[in-house]
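K.L.:
After the structure tokens below, expect a handful of questions from me.
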Amino acid sequence: MRDFCYLEEAIPDQEYQIAFFGCFKIMSVSKTSAFRTSWRALAFPIFGVTMMATFRYGENLLLTIPPFFMYAPYIIAAIILIGSVFAALEYAEIVGLKLGEPLGTLVLTISVTIIEVAVLSVMISHGADDPTEAREAVFSAIMIVCNGLVGLCLLLGGYRHGEQELQPMGASAYLAVLIALSVLTLILPDFTTSSVGPTYTHSQLIFISILSVSLYAAFLFIQTVRHRSYFLDARAAVLGHSEATPTNKQTLFAVGGLIVSLIIVASLAENVIPAMEDGFNFLAIKNTNAITGAALAVLVLLPESMNAIRAASRNALQTALNSALGSAVATIGLTVPAVSAMSLLTGHEIVFGLERRDSAMLLLTLLISVVSFGAGRTNVLTGLVHIVVFAAYIFLLFVP
């Protein structure tokens, strides 16, 4: 049936009415079909558990490795870590398919946030003498999502479909929350006077964290309950696209696989992140924190970015924005309070205020995003503008 041109409309009982052009016959085709988990989602958690046991119980064995190969175990662990991230988000996508939109995208976004918080906690504990790791990771995530990922989605979608439609109210909700949280978290600390430097006092950290969680919770209520229609694709027709729906047994297996994969990511990060930072210092790479933060953002956002790009290429722009902008909003709304809590409990100072150059780049990104999504339609030029700003961010990352 995919060889025919058809219109697809969602109806109850997860079935589709398919109207073929040139005839009057209407057929019902069940959306439920065979659903299979990839071999990577099965293999990498097994490799991850093995590597966790090696680091935990095989310390004496690791000490016997020749100096020339001393980083080999950490390189292998990094590969397994990346594979485990993909596995975790594949399991999250299975659960998301069972729940449907926009709850499905929410599961994926929460999983990304858990991974980011786990890796950030390792970075903060390892680099206690430098309090800017969390700031760089959050800023990098916003720049990569709002410029690189969004720009690529708009560019590819516009090239393939000319113009794409989105829900203006849904995009406005994302941007309103993103602007408020970005300014309160990354810019306002530069102007407070209760503490020295671009930092918050303990009471200010607690207050901003409460605001962040409250605003994100309100956004979730709007997204999933009150105004759910704002976040569904404006175009119901998706040419030639159909997704299998997992069974209850497959969904339960995916939930277990997701939990195991997240534990593996958090555990391996305790070994990989310190080795990576030591390697950067050994190579005398400047701006280490910013590059490490960007690498972290790419790591946790890459699988979700691929889903967003695929959605934009099949003319489901709103679904792509749900993945992209949702991850940026969750990064601030959930990651910042979690990092603040770690700072208060451990006594590690956290610097959230951006430097003037980065503040200008952030404000430019937010302004362009408002203009891009305000009309409810995008094209290739809109994507190119975001890509240009992203290129400037990458260049300044290495040539500050």
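K.L.:
Looking at the stretch 148-201 only, could you name the residues that are surrounded by fewer than 19 Cβ atoms within 10 Å (Cβ to Cβ) and within 18 Å of L301 (Cβ to Cβ)?
P.N.:
L156
K.L.:
Could you tell me which of the residues G383, G353 is in contact with a helix residue (DSSP H, G or I) (Cβ under 6 Å, 6 or more places away or on another chain), assigned by TED's automatic domain parsing to the domain that holds L166 and not in a loop (DSSP other than H, G, I, E, B)?
P.N.:
Numbers: G353 fails: not in a loop (DSSP other than H, G, I, E, B).
Of the residues listed, the single one that is in contact with a helix residue (DSSP H, G or I) (Cβ under 6 Å, 6 or more places away or on another chain), assigned by TED's automatic domain parsing to the domain that holds L166 and not in a loop (DSSP other than H, G, I, E, B) is G383.
K.L.:
Does the stretch 347-366 contain at least one residue that is small (G, A, S) and more than 19 Å from I187 (Cα to Cα)? Show your work before the answer.
P.N.:
First pass over the stretch 347-366, keeping only residues small (G, A, S): 347, 353, 359-360.
Within this subset, residues satisfying the condition of being more than 19 Å from I187 (Cα to Cα) are 347.
Among the residues of the stretch 347-366, at least one is small (G, A, S) and more than 19 Å from I187 (Cα to Cα), which makes the answer yes.
K.L.:
Could I ask something else about it? Would you confirm, using the coordinates I've provided, whether V145 is among the β-branched types (V, I, T) and surrounded by fewer than 15 Cβ atoms within 10 Å (Cβ to Cβ)?
P.N.:
Working: among the β-branched types (V, I, T): yes; surrounded by fewer than 15 Cβ atoms within 10 Å (Cβ to Cβ): no.
When the stated conditions are applied, V145 does not pass them.
K.L.:
I've got another one for you. So, V145, is that one in contact (Cβ under 8 Å) with a residue 60 or more places away in the chain and assigned by TED's automatic domain parsing to the domain that holds F373 or not? Let's see the steps before the verdict.
P.N.:
Values: in contact (Cβ under 8 Å) with a residue 60 or more places away in the chain: yes; assigned by TED's automatic domain parsing to the domain that holds F373: yes.
Criteria met by V145.
K.L.:
Within the stretch 316-329, does at least one residue satisfy the condition of being closer than 28 Å to T382 by Cβ, part of a helix (DSSP H, G or I), within 16 Å of the chain's Cα centre (by Cα) and without any contact (Cβ under 8 Å) to a residue 60 or more places away in the chain?
P.N.:
The answer is no; no qualifying residue exists.
Here's the yes/no breakdown for (1) within 17 Å of I110 (Cα to Cα); (2) part of a helix (DSSP H, G or I); (3) at pLDDT 80 or above:
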residue	(1), (2), (3)
E243	no, no, no
A294	no, yes, yes
V300	yes, yes, no
P303	yes, yes, no
N307	yes, yes, no
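K.L.:
Give the residues of the stretch 96-137 that are of a type in the set (G, A, S) and at pLDDT 70 or above, sorted by residue number.
P.N.:
Residues of the stretch 96-137 of a type in the set (G, A, S): 96, 100, 104, 111, 118, 121, 125, 127-128, 134, 137.
Hits for the stretch 96-137 are G96, G100, S111, A118, S121, A134, A137.
K.L.:
Here is a list: L301, L268. Which entry is in contact with a helix residue (DSSP H, G or I) (Cβ under 9 Å, 6 or more places away or on another chain), more than 18 Å from F55 (Cα to Cα) and surrounded by 17 or more Cβ atoms within 10 Å (Cβ to Cβ)?
P.N.:
Unique residue meeting the criteria: L301.
K.L.:
Every residue in the stretch 278-298 that is crowded, with 21+ Cβ neighbours inside 10 Å and within 24 Å of M51 (Cβ to Cβ), please.
P.N.:
T292, L296, A297
K.L.:
Can you list residue pairs whose Cβ atoms sit under 8 Å apart, with the first residue in the stretch 175-196 being over 23 Å from S372 (Cα atoms) and the second being small (G, A, S) and assigned to a helix (DSSP H, G or I)? Count only pairs 6 or more apart in sequence or on different chains.
P.N.:
The qualifying pairs are T185/S212; D190/S359.
The values are calculated or read from the model by the stated rules, or taken from the named source; none is laboratory data. The model shown is predicted, which means the values in this text are computed figures rather than measured ones. Cβ sites come from the backbone with ideal geometry, for glycine too, and all protein chains shown count toward neighbours.
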